[in-house]
Amino acid sequence: MGATFHGPGEGEDFQLGSSSLSLKVGADGTNGTLFMSETTLAPGSFLCELAAAFADADGPSAPEQIGKIASAYDVEVVGPPLA
């Protein structure tokens, strides 16, 4: 498998509200197991609050906690729920 890895300042860029993400390597380069990104979280943003909740919980937060954070923002589910 020939993966493409992008260094600092390179990659596929996405604007996520006031935060941003630069995709360095995706599922196609990791046998579908993960992705790597360079991410800038804007203070007070949904992603910043979610990251803080993950850090406080020392891992993934409970769905109820994620729902509480998401309810304060205009969040649209774009895929099927995880099983």
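Values as computed for the structure displayed
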{"quantity": "Lys68 being outside any strand (DSSP E or B) and modelled with pLDDT of 75 or more", "calculated": "yes"}
{"quantity": "Leading residue by the ranking (most open to solvent (accessible area, probe 1.4 Å)) among those in region 9-52 that are in contact with a Lys or Arg (Cβ under 9 Å, 6 or more places away or on another chain) and either in a loop (DSSP other than H, G, I, E, B) or closer than 23 Å to Gln65 by Cβ (or both)", "calculated": "Phe35"}
{"quantity": "Where a residue in region 34-49 is of a type in the set (A, V, I, L, M) and its partner, wherever it lies, is open to solvent by 90 Å² or more (accessible area, probe 1.4 Å), with Cβ under 9 Å and at least six apart", "calculated": "Met36/Phe5"}
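The values are calculated or read from the model by the stated rules, or taken from the named source; none is laboratory data. Computed from a predicted model, the values in this text were never measured in an experiment. With ideal geometry, Cβ positions are generated from the backbone for all residues, glycine too; neighbour counts draw on all protein chains shown. Side chains are part of the model used for accessible areas, which takes the heavy atoms of the whole protein and leaves out ligands, DNA and RNA. Shrake-Rupley method; radii C 1.70, N 1.55, O 1.52, S 1.80 Å.
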